[in-house]
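In what follows, a structure is listed as structure tokens, so that the remarks can point back to it.
The values are calculated or read from the model by the stated rules, or taken from the named source; none is laboratory data. Not measured: the values here are computed from a predicted model. Cβ coordinates were reconstructed from backbone atoms using ideal geometry, including for glycine residues, and neighbour counts include every protein chain displayed.
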Amino acid sequence: MEDKRITSSMTCSNGLTVSDSALYMQGGGEAFLPTLEDSARIPGRVPDGMVLVPGGEFSMGSVNPLGMQGGGHEDMYDARPVHRVRLDPFYMDASEVTNRQFEAFVTATGYVTIAEQTPTKEEFPEAPSENLVAGSVLFTPPPQPVPLDDHLQWWSYARGASWRYPEGPGSSLQGREDHPVVHVAWADAAAYARWAGKRLPTEAEWEFAARGGRPGNLFAWGNQINPSGRWMANSFQGSFPHQDAGQDGYRGVAPVRRFPPNAYGLYDMAGNVWEWCSDWYRNDYYKLLASQLSVALNPKGPTDSFDPSEPGVPKRVQRGGSFLCTDQYCTRYMVGTRGKGEVSSSTNHIGFRCVKNIF
């Protein structure tokens, strides 16, 4: 009886009932099969600051969270169907790339991020010349409650905001050396990865690593957002977007490694800052993989980008959610869900981490 209820609710457009949600938490429902980790010994030493993520086969994706306690209002249609993926082993940064690490890269190379460059008339032909100034997008909480259907109530373009000035002109990196670097566009993250002898993770690698060998869990640590009253990630508590209660100990970005790691020893795989992946974003990519009726081997993502909400805007995948995630607005800190971002965009809640091939 319970299995039938899980199966029917997973295919229902209204998502899961609260009672079915409890059943789902007992192993992810029949959409998720066991994770099969490779047991072969990997020769050599794990690089400093990285962890070994074993190869293996797992169920990738998410069921519809509508109706779950804390599931939010989005059905996450682009994260289905759940499908099987097999990956080679790899190394992954234990934490998000920090300001200290990114500063070392800039010092060594003289690299200038996209946010620090003045936009050109060729890029934005319809923009007034006075608006073509270097900067980035900044979250600024409004002074009072606002409708949640207009993100411009809390996001704005801030002249002079960049990784060096994360809250805009007048701010600095002092005391933020161990915070994840933010205001980095996709190309900035990829450039750092190349310099470090690494690369950005594929979306499949990122999810495999975040799950830590545990199939079907809602979060990187289990199935309750704050087990025994303990917050496991830097997210938003209070009334979004105007009042962050900071019950997890932080308002805004937190230093890396302040919350418990997952089963693979990876920190901040949910919340804190979004993380760029190497894949182009397509809302229908999982359907393509599932239609092949075979296990996808080391998938690298689609060959182009398509987001029906913004056709023609090239986007890459982002994963993990950020300090702004809350069931009032965005629950994409849930481990199987997907995010996306325009490739040249940057904000103060987007960062990245790197991976490295073993073979």
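Some values worked out for this structure:
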| quantity | calculated |
| --- | --- |
| Qualifying residue in the stretch 211-223 (condition: in a helix (DSSP H, G or I) and at pLDDT 95 or above) | yes |
| Residue identified as of a type in the set (Phe, Trp, Tyr), surrounded by 23 or more Cβ atoms within 10 Å (Cβ to Cβ) and either in contact with a Cys (Cβ under 8 Å, 6 or more places away or on another chain) or over 20 Å from Arg199 (Cβ atoms) (or both) among Tyr329, Tyr333 | Tyr333 |
| Candidates Ser294, Ser309, Ser278, Ser322 - the one that is part of a loop (DSSP other than H, G, I, E, B), surrounded by 15 or more Cβ atoms within 10 Å (Cβ to Cβ) and polar (S, T, N, Q) | Ser322 |
| Unmet requirement for Ala233, which otherwise passes all of (1) farther than 12 Å from Cys325 by Cα; (2) buried (at least 19 other Cβ atoms within 10 Å of the Cβ); (3) in contact with a strand residue (DSSP E or B) (Cβ under 7 Å, 6 or more places away or on another chain) | (1) |
| Every residue from the stretch 31-51 that is in a strand (DSSP E or B) and without any contact (Cβ under 8 Å) to a residue 60 or more places away in the chain | Leu36 |
| Sole exception among (1) surrounded by fewer than 14 Cβ atoms within 10 Å (Cβ to Cβ); (2) in contact with a Lys or Arg (Cβ under 7 Å, 6 or more places away or on another chain); (3) in contact (Cβ under 8 Å) with a residue 40 or more places away in the chain for Val133, by number | (3) |
| Of all residues making up the stretch 325-359, the number that are over 22 Å from Gly49 (Cα atoms) and not in a loop (DSSP other than H, G, I, E, B) | 7 |
| Any hit, the stretch 79-95, residues being modelled with pLDDT under 95 and charged (D, E, K, R) | yes |
| Tyr111 vs. criteria part of a loop (DSSP other than H, G, I, E, B) and within 27 Å of Arg258 (Cα to Cα) | no |
| Hits in the stretch 167-191 (condition: out of contact with any helix residue (DSSP H, G or I) (no Cβ under 8 Å at 6 or more places or on another chain), outside any helix (DSSP H, G or I) and closer than 16 Å to Phe352 by Cβ) | Val182 |
| Any hit, the stretch 350-357, residues being aliphatic (A, V, I, L, M) and surrounded by fewer than 24 Cβ atoms within 10 Å (Cβ to Cβ) | yes |
| Yes/no for Met232 being assigned by TED's automatic domain parsing to the domain that holds Pro141, in contact with a helix residue (DSSP H, G or I) (Cβ under 6 Å, 6 or more places away or on another chain) and touching a residue at least 24 places away in the same chain (Cβ under 8 Å) | no |
